[in-house]
Amino acid sequence: MYRKIVDGILELGSRDISGVSRLTNIPYNKAITGYKRIRRKLGLKIRASPNTAVLGLRYVGFEVTPHRDYKGVAFTALKSVSSLNYLGVNANAPQNIFGVLYAPRSSNGDEYLNIFDLLVEMGFLTGYSITKFNLSERYSVRPDYIDWRTGGYVFDWNSLVPRKPEPDSFDAAEKPMADKIDLLLLKELEFDATRSFPEISAALENKHGVKISDRLLLYHYSNHLVAHKMFTRYRVFLSLEDKLGVYLHAKVDSNNRDEYLDSVRSIPYLDRELLSDDGDCWSDHYLPPSDYGNFILYVQTRLLPLARELKIITAHPKSLTSFTIPYELFDEESGEWRHDPALDAERVIAKAKELRGKPTSTLKPEWVRSSRT
């Protein structure tokens, strides 16, 4: 029953349990009871996945090496970058910090990436690498591999089968059909898509001092977010608490690309993939530390032979910091994203200098989790 409920939520979202009941042929009272149980007991999360292509954004992956003078404060200082999607410390190379940021699909996107050159010129970084991705896909749980009594994955690494295809992606746009209310609402749905519109209205006033009625939010949801496909679908996934973040960055030739992607997409722990036109394939995986050895063995036997190059990045435990869509960078008057590399670089340097000037005892450890909400 729980598997059917999750399949229904993947199609309809958590706002329409009546529809889930009809779709799955589960009586409504059982469907709502089952839904509440797996959310409460198993920590099931439901979020909207922003359609970055329609919103005029693209993902850029990066890995940077801070200057030794800033090593102790670099991670916290880099959180000042306003376009971040997530940021983490590379446990395989602790001197490096990795992450993904949002950049405009317009020509401003390439200009914004000058932030890394500026940070090198300012002496904050000694080096960096970046990869631009044109396609992205977010993935949900694989209900067929979950033990619904414990909420954990149970599967045989040697018998994995490909997951069901995701919906077709939508055409990319350089200038999004969105306004500030759309982006504020989308940000809240990305954070937690189970809340009612009155709850979201209260959250926006509490967090941002923005008063938007629940009726107006419903209008924007139906006539903007849904109509213009600003999010691809709802994502359903298990709690990431105590999970290990492992990221694969591979360069794959065209003749091996389909097989490589099929093998990656068969992994139950897959959360997201990013693809470039040049054969770069990046994938996010969140798994129990106890299964790390099996994961690496699968990578070595199934993925490595198909890749020209393959790098494994493991996030330092509890270092990963994630952020919602950077709504504050959207200029409603022009309808364009305003990413400022010089301003962001200055913020990083200012924060780094502020942190270096504080006594060590007053600084928070780098691995403290936070979110830009």
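Picking from L297, L184, L84, which is most flexible by a Gaussian network model of the chain using Cα springs under 10 Å?
In the Gaussian network model the winner is L297.
Determine the relative contact order of the chain: mean sequence separation of Cα pairs under 8 Å and six or more apart, normalised by residue count, in whole percent.
Answer for the chain is 27 percent.
Pairs to check: K132/K211; K187/K243; K132/K229; K175/K353. Give those whose C-alpha atoms are more than 27 Å from each other in this structure. Spell out each step's value before the answer.
Numbers: K132/K211 37 Å; K187/K243 23 Å; K132/K229 23 Å; K175/K353 36 Å.
The pairs that break the limit, which is 27 Å between Cα atoms, are K132/K211; K175/K353.
If each residue of separation counts as 0.36 nm, what is the full-extension length gain between Q300 and L135 once their alpha-carbon separation is subtracted?
Result for the pair: 56.9 nm of gain on full extension.
Let me know the charge dipole size of the range 1-126 about its Cα centre in debye, to the nearest 20, where only the beta-carbon of Lys, Arg (+1) and Asp, Glu (-1) is charged.
Numbers: 17 positive and 9 negative charges, 271 e Å.
Charge dipole, the range 1-126, about its Cα centre: 1300 debye, nearest 20.
Given DSSP loops and a limit of at most 15 other Cβ atoms within 10 Å, what is the longest stretch of the chain that contains no such chymotrypsin sites (Phe, Trp or Tyr not before Pro)? Don't skip to the end; give the middle numbers.
On the way: sites that count: F170, W367.
Value returned for the longest uninterrupted segment is 171-366.
Using label points projected 7 Å from each Cα along Cα→Cβ, tell me how many nm separate D253 and S18, to one decimal.
The modelled label-to-label distance comes out at 5.7 nm.
Quick check: pseudo-label points 7 Å beyond the Cα along Cα→Cβ at A342 and K175, how many nm apart are they?
Result for the modelled spin labels: 2.5 nm.
Rounded to the nearest 500 deg cm²/dmol, what is the calculated helix-only ellipticity per residue at 222 nm for the chain, with -39500 (n - 2.57) per DSSP H run of length n ≥ 4?
My calculation for the chain gives -9000 deg cm²/dmol from helical runs alone.
Which of I9, I312 has the fewest other C-beta atoms within 10 Å, and how do the rest follow up to the most?
Taking fewest neighbouring Cβ atoms as first place, the list is I312, I9.
Rounded to whole Hz and in sequence order, give me ³J(HN,Hα) for the range 118-127 from the Karplus expression 6.51 cos²θ - 1.76 cosθ + 1.60, θ = phi - 60°, writing x for Gly and Pro.
5, 5, 5, 4, 7, x, 7, 10, 9, x
Quick one, can you get me the convex hull of the C-alpha atoms of the chain expressed as volume per residue in Å³?
152
So what J values fall out for the range 322-329 if you push phi through Karplus, 6.51 cos²θ - 1.76 cosθ + 1.60 with θ = phi - 60°, rounded to Hz, Gly and Pro as x?
Coupling constants for the range 322-329: 10, 9, 7, 4, x, 4, 5, 8 Hz.
Order by neighbour count: H316, H220, fewest other Cβ atoms within 10 Å first, most last.
H316, H220
Give, rounded to the nearest 20 debye, the magnitude of the charge dipole that the chain has about its Cα centre when Lys and Arg contribute +1 at Cβ and Asp and Glu contribute -1 at Cβ. Before the final figure, lay out the partial values.
Details: 51 positive and 49 negative charges, 355 e Å.
Dipole about the Cα centre, nearest 20: 1700 debye.
Skipping prolines and chain starts, which residues have an amide H placed within reach, meaning under 5 Å, of the one on R233, given they are 5 or more residues away or on another chain?
Under 5 Å from the amide H of R233: S49.
Putting +1 on Lys and Arg Cβ atoms and -1 on Asp and Glu Cβ atoms, find which of L23, P104, L218 reaches farthest to the positive end of the dipole of the chain.
Farthest towards the positive end: L23.
Of all DSSP beta bridges located in the chain, what percent are antiparallel, nearest 5? If you can, show how the numbers build up before the last one.
Working: 56 of 58 bridges.
Roughly 95 percent of the beta bridges in the chain run antiparallel, per DSSP.
Read-outs throughout are calculated quantities, based only on the coordinates presented, and are distinct from any laboratory measurement. Model, not experiment: these values are computed from the prediction. FYI the Cβ positions are ideal-geometry reconstructions off the backbone, even for glycines, and counts take in every protein chain you see.
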